[in-house]
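Shown next, in structure tokens, is the structure this report addresses.
Values quoted throughout were computed directly from the atomic coordinates according to the rules given, and no laboratory measurement underlies them. Please read all numbers here as calculations on a predicted model, not as lab measurements. A quick note on method: Cβ atoms are made from the backbone with ideal geometry, for glycine too, and the neighbour counts reach across all protein chains shown.
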Amino acid sequence: MKKKHVLSAPGWLALFAASVLLIAAALAAFNVVTDPFGAFGDRFFTWWSYDETRNPRAAKISYLEEHRGEYDSYVIGCSSTSSFPVEDLNRVFDAKFYNLIMYGADMLDVERICFWLADNCEVKNLVLNVYIDNGASYGSPHDDISFKMPVSVSGEIFDYYKTYLFADPRYGMDKLSKRRTDSYLQAAHDVFDEKTGAYDKSKRDAEPIGSMERYLEAYPVFVNYDKTPHTLTRTEDCMKSVAAIRDLCAERGIRLTVVTAPVYYDYLLTFPEEQVREFYEALADTVPFWDFSVSSVSREPRYFYDETHFRNAAGTMAIARIAGESDVYVPGDYGVYVTPENARDVTARYFSVPEPDAGLYTADLPVLMYHHIAEESGGDGTTIGRAEFEEQLKALAGAGYEAVSVSDLLAYVENGAELPEKPVLITFDDGYASNREIGLPLLAEYGMKAVVFPIGISVGKDTYRDTGDPMTPHFTAEEAREMEGSGIFEIGSHGWDIHEVEGRDPAPIRRGILPREGESEADYIAYLRRDCEKMNEELGAVLGHRFEIFSYPYGLTCPLADVILASEGIRVSFTTAEGGNTIIRGLPQSLYGLRRINAPDYTGEELVERMRSEALGVAGR
């Protein structure tokens with residue numbers, strides 16, 4: 001009979017130690033492979049947007065170690081830095097910028113990363129964003145795994161590798177899980193654009209911004225604002241780091257531009273006035289800077305998402321001011337170059353900025369929606385008779401309304417051009433021949449103009465698709481070109497082939513531009529892009545331009561469609577939702593999702609009254 005072998009105590013200890021080492025090695029290997037913080041270069045997934053969301057400090061340096069040759073300039077600072085668009089910086093500085101925003105507001109971290117950049121990358125330009133919070137915290141310990149500095153910057157080898165090699169495996173599991181379900185749109189787990197380093201704001205840049213009432217419903221943070229007091233106790237330390245960055249740039253021949261980002265006014269009021277003035281005056285004593293911190297922009301919530309994050313449009317205006325671009329709308333008090341000589345005068349006005357007169361930068365815009373004009377009224381809510389249409393035009397002119405074009409709206413929002421005192425935009429959907437045959441001469445007679453949205457596949461047709469079913473005739477591509485040439489009409493897009501009709505198209509039909517049931521996201525995106533390209537290749541080629549104006553079929557849309565259309569060059573879009581609009585200088589998003597009034601529902605007098613009441617309602621909101 002064989003004796004059982006029993007491990008001695010040292011043997012058990014050795015086995016236990018080996019097991020622990022094996023588990024530790026397995027955990028380390030798992031964390032290196034999944035690399036949820038980008039701490040090891042993310043060599044297996046290369047999902048930088050996820051890594052940077054977990055820790056932008058570590059992941060962005062890892063990314064630059066692999067891609068440093070693609071950039072020669074950097075904009076750096078806390079999270080508000082993201083709203084200075086790299087495409088605008090590239091244009092103005094003739095450079096290739098990367099946005100090195102990080103969570104938190106710690107100028108010591110910024111200083112260390114600037115030195116790493118100077119030692120390891122080509123740096124022609126450095127744009128340094130100094131935010132008011134930089135005076136509130138400095139040199140904070142980075143115990144949080146999402147805030148640790150990369151080892152190549154901090155030099156803390158043991159702590160760095162201990163933290164990320166032996167991190168909770170749930171971080172890596174989450175990355176694996178999110179990878180399987182990741183979608184095209186920005187999500188909470190991947191908020192960065194890896195190519196630019198900035199927050200991915202594609203959804204926010206394409207979201208409609210209308211009346212103040214609707215905006216506050218979407219962003220309730222501005223309704224009952226948090227008045228928690230803050231103090232600026234680290235101003236001196238902050239300025240030491242700013243001075244170190246200044247001296248580094250002077251020594252290395254780097255062009256340094258210092259900016260202070262816009263601060264929402266109610267947030268400014270949570271700081272002691274004297275400390276605020278001391279902070280910005282100390283900055284001026286350290287380095288000249290472009291000040292965008294406090295202005296009329298600070299008093300307008302629609303330029304912000306919350307107290308520390310402002311829209312990219314405000315960043316675009318800031319860069320235009322720095323560059324002296326006169327063709328870009330910039331509020332008169334937005335942006336001043338501050339030096340020790342004028343610093344006290346600048347800061348003296350910070351706490352006395354009046355609420356801006358909305359009439360100086362917003363306009364109420366009624367948009368009228370028509371379809372077919374018939375010799376006699378159709379009575380179906382879409383067709384209007386010749387006489388009724390003329391009556392409405394006469395009533396509009398008599399009430400002092402002036403028809404504007406979409407080009408006028410773009411010039412108002414983007415360039416600061418003026419609009420008439422009582423503007424109205426007239427629109428036609430579908431592209432019926434009657435818009436040209438009846439509408440054009442009547443519009444010309446009353447000094448009006450309009451935009452028409454033809455369905456691409458129906459251009460020049462009087463039968464439906466391949467069915468042979470008769471339909472109301474549509475104007476041809478050549479006629480569309482003549483209509484635009486008249487100066488009376490602009491031609492927008494109603495989509496090439498996204499106007500399916502119940503009973504005429506095979507079921508299940510697509511509901512406007514929305515995805516079909518069961519359609520994959522990839523297929524849907526490809527479909528939208530093909531439809532846009534087809535419209536540009538067929539009708540756009542005849543007109544001599546790509547389409548920038550879009551009317552949603554049946555007024556239906558979704559965030560993914562909004563983002564894809566914006567990426568395809570759409571700058572103005574229309575729904576069928578009833579109501580008026582507020583458009584805002586400096587905010588291109590205010591031209592998305594414009595509401596309309598279905599004009600055939602009214603007599604001329606009733607239409608004018610409806611427009612007046614809508615304008616009062618919008619103004620009141």
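Under 5 Å between amide hydrogens, built in the peptide plane, is the criterion, and for VAL451 it picks out ILE426, THR427, PHE428, GLU490 among residues at least 5 positions away or on other chains.
Among the trypsin sites (Lys or Arg not before Pro) in the stretch 472-570, which ones are in a DSSP loop with at most 16 other Cβ atoms within 10 Å of the Cβ? Mind listing them? Before the final figure, lay out the partial values.
Details: sites: ARG481, ARG504, ARG510, ARG511, ARG516, ARG529, ARG530, LYS534, ARG546; in loops: ARG504, ARG510, ARG511, ARG516, ARG546.
Sparse-neighbourhood loop trypsin sites (Lys or Arg not before Pro): ARG504, ARG511, ARG516, ARG546.
May I ask you to order 190-197, 114-121 by the average number of other C-beta atoms within 10 Å around their residues, highest value first?
Numbers: 190-197: 20.2, 114-121: 18.0.
Put in order of decreasing packing, that is 190-197, 114-121.
Applied to the stretch 571-587, the Karplus parametrisation 6.51 cos²θ - 1.76 cosθ + 1.60 on θ = phi - 60° returns per-residue 3J(HN,Hα) values of 10, 9, 9, 10, 10, 10, 4, 6, x, x, 9, 10, 10, 10, 4, x, 10 Hz, with x for Gly and Pro.
Computed about the Cα centre, the dipole magnitude for the stretch 360-620 is approximately 540 debye when only Lys and Arg (+1) and Asp and Glu (-1) carry charge, each at its Cβ. Ordering TRP48, TRP290 from the fewest to the most neighbouring beta carbons within 10 Å gives TRP290, TRP48. Of all lysines in the structure, the ones whose alpha carbon falls short of 25 Å from that of LYS394, not counting any fewer than 8 places away in one chain, are LYS422, LYS449. Coupling constants for the stretch 531-541 follow from the phi torsions by the Karplus curve (6.51 cos²θ - 1.76 cosθ + 1.60, θ = phi - 60°), and in residue order they are 5, 4, 5, 4, 4, 6, 6, 8, 7, x, 5 Hz; glycine and proline get x. Between 0 and 90 degrees, rounded to the nearest ten: what's the tilt of helix 56-67 against the longest Cα principal axis of the chain? Relative to the chain, helix 56-67 is tipped by roughly 80 degrees. Under a model in which nothing but the beta-carbon of Lys, Arg (+1) and Asp, Glu (-1) is charged, the chain shows a dipole of about 2680 debye around its Cα centre. Residues whose amide H lies under 5 Å from that of GLY378, counting only those 5 or more places away or on a different chain, are THR383, ILE384, GLY385; hydrogens are built 1.01 Å from N in the peptide plane. Dipole of the chain (Lys/Arg Cβ +1, Asp/Glu Cβ -1, origin at the Cα centre): which of SER590, THR476, PRO301 lies farthest to the positive side? Selected residue: PRO301. Here the Karplus curve 6.51 cos²θ - 1.76 cosθ + 1.60, taken at θ = phi - 60°, turns the phi angles of the stretch 161-173 into couplings of 6, 4, 5, 8, 5, 10, 5, 3, x, 5, 4, x, 4 Hz, with x standing for Gly and Pro. If I compute Cα extents along the principal axes in Å from the structure I just sent, which labelled value in (i) 101, 88, 44; (ii) 78, 68, 46; (iii) 73, 68, 46 lines up? Evaluating Cα extents along the principal axes in Å on these atoms matches (i). Cross-linked pairs LYS124/LYS162; LYS148/LYS203; LYS60/LYS178; LYS175/LYS240: Cα-Cα separations exceed 31 Å for LYS124/LYS162; LYS175/LYS240.
Enumerate by residue number the GluC sites (Glu not before Pro) in the stretch 363-394 meeting two conditions: DSSP loop (anything except H, G, I, E, B), and at most 16 other Cβ atoms within 10 Å of the site's Cβ. Don't jump to the answer; show the numbers that get you there.
Numbers: sites: GLU375, GLU376, GLU388, GLU390, GLU391; in loops: GLU375, GLU376.
Those that pass, being in a loop and sparsely packed, are GLU375, GLU376.
Applying both filters, DSSP loop and at most 15 other Cβ atoms within 10 Å, to the trypsin sites (Lys or Arg not before Pro) of the stretch 302-376 gives ARG349. Proximity of backbone amide H atoms, modeled 1.01 Å from N, is registered between PHE550 and SER493, VAL572, SER573, PHE574 at under 5 Å, excluding neighbours fewer than 5 places apart on the same chain.
The charge dipole of the stretch 162-313, taken about its Cα centre with unit charges on the Cβ atoms of Lys, Arg (+1), Asp and Glu (-1) only, comes to about 720 debye.
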